[in-house]
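Only one structure is covered here, and it is reproduced in the block below.
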Amino acid sequence: MVSTSLPGGTWTLGDLTVTRFGYGAMQLAGPWVMGPPADHGGALAVLRAAVELGITHIDTSEAYGPHVTNQLIREALHPYPDSLHIVTKVGANRDQQGGWPPARDPESLRRSVHENLETLGLDVLDLVNLRLGDAAGPQPGSVAEAFETLVDLQRQGLIRHLGVSNATPEQIAEAQAIAPIVCVQNMYNLAHRQDDELIYALAEQGIAYVPFFPLGGFSPLQSSVLSTVAARLEAAPMSVALAWLLRRSPNILLIPGTSSTTHLRENVAGAALPLSDDDLAELDKIGR
Ligand SMILES: NC(=O)c1ccc[n+]([C@@H]2O[C@H](COP(=O)([O-])OP(=O)(O)OC[C@H]3O[C@@H](n4cnc5c(N)ncnc54)[C@H](OP(=O)(O)O)[C@@H]3O)[C@@H](O)[C@H]2O)c1
């Protein structure tokens, strides 16, 4: 049974029902997503709190740490409740400097899927996103070989559903011509609105749009308009940013990241903040 008491209710990814309010686990690894967390017990507590709050969608990657975040999820939550769906991504490695070099050749993708299964302690991955582009954002280029490799692993029964991340509209269409996708995970928030049209197009197809960096990522959102609206509503700016995303389109799923149970609880409560049409119109000016 999936709780619908979380703000936003639920969404269906293929045959998987998830709460629209999810949790992004990337911030649980060490600084710049390298190495172990400073507070191992605190990281486990955040994951357990997320599930206790009713969250059924956790976003991760073998590249976080690397390996660290997946291992924390397994330590905190395995054996997983049936309602919990862990979404992972493949397509990038980590280098010694903490960079994210692409790893989208068939052998790297196969290895990464098997590593995710191993570190998460699963026989099947619920949803795997193919991460494209680079740290600067989506980059043009064919996804066919990489996506077909994941489709092959799906046919082998190792993956339930597929998605793409950091992708251009052309790459999304190219992937969809090969096999169905259930979500797109791209950078999007109040201040970065490059995917406005894409979100509508995906909503019409019943495909989820999962913004990464919903709170600004490594550079938390800062905007005088956001501060003004938040002050008027007597709410935290992060709450306003999350409530705005939930109102933005029904196919948007939230995966805000935090390493703090206090922030996690604040975010869950804050995303329920009611926003008036006037608030929305004012917030709309930020990214336009
Ligand atoms: N597909 C991709 O290429 C890609 C790229 C990046 C991220 N992701 C996914 O997207 C998820 C979300 O991204 P993200 O975690 O990097 O960025 P984010 O959710 O935009 O922001 C996280 C940052 O906000 C802070 N924060 C969270 N709640 C707060 C609150 N209530 N008050 C003040 N600060 C707060 C966190 O610090 P504290 O830890 O101190 O709370 C953290 O520094 C990741 O976990 C990851 O799963 C995917």
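Values quoted throughout were computed directly from the atomic coordinates according to the rules given, and no laboratory measurement underlies them. Because the structure is a prediction, the values reported are computed rather than measured. All Cβ positions, even for glycine, are placed from backbone atoms using ideal geometry, and neighbour counts span all protein chains on display.
Here are some notes:
- Relative to the compact-globule estimate of 2.2 N^0.38 Å, the Cα radius of gyration of the range 32-133 comes out at 1.06.
- When peptides 91-102, 170-181 are sorted by average Cβ neighbour count within 10 Å, with the highest value leading, the order is 170-181, 91-102.
- Along the range 145-155 the Karplus relation, 6.51 cos²θ - 1.76 cosθ + 1.60 evaluated at θ = phi - 60°, assigns HN-Hα couplings of 4, 5, 5, 4, 4, 5, 4, 4, 5, 5, 4 Hz to successive residues, with x for each Gly and Pro.
- The reciprocal of the average 1/r between distinct C-alpha atoms defines the Kirkwood hydrodynamic radius, which for the range 51-93 equals 11.0 Å.
- Highest-first packing order for the peptide set 184-190, 232-238 is 184-190, 232-238, based on the mean count of other beta carbon atoms within 10 Å.
- Globularity ratio of the range 57-198, using Cα Rg and 2.2 N^0.38 Å: 1.01
- Bridge type composition, the range 99-215 - antiparallel percent by DSSP, nearest 5: 15 percent
- Taken over the range 1-62, the ratio of Cα radius of gyration to 2.2 N^0.38 Å equals 1.25.
- In this Cβ point-charge picture (+1 for Lys and Arg, -1 for Asp and Glu), the chain has a dipole of about 360 debye about its Cα centre.
- Å³ per residue enclosed by the Cα convex hull of the range 89-128: 73 Å³
- Cα long-axis angle, helix 68-77 against the chain (0 to 90 degrees, to the nearest 10): 80 degrees
- The range 208-232 versus the range 1-66: alpha-carbon centroid distance in Å: 19 Å
- Long-range amide H partners of His85 with built H, under 5 Å: His57, Ile58
- Beta bridges per DSSP with both ends in the range 1-116, % antiparallel, nearest 5: 45 percent
- Between the amide H of Asp134 and those of Gln139, distances stay under 5 Å, these residues lying 5 or more places away or on another chain, with hydrogens modeled in the peptide plane.
- Value of [θ]222 nm, deg cm²/dmol, for the chain, DSSP H segments ≥ 4, -39500 (n - 2.57) each, nearest 500: -11500 deg cm²/dmol
- For the chain: span of alpha carbons on each principal axis (Å, largest first): 53, 42, 42
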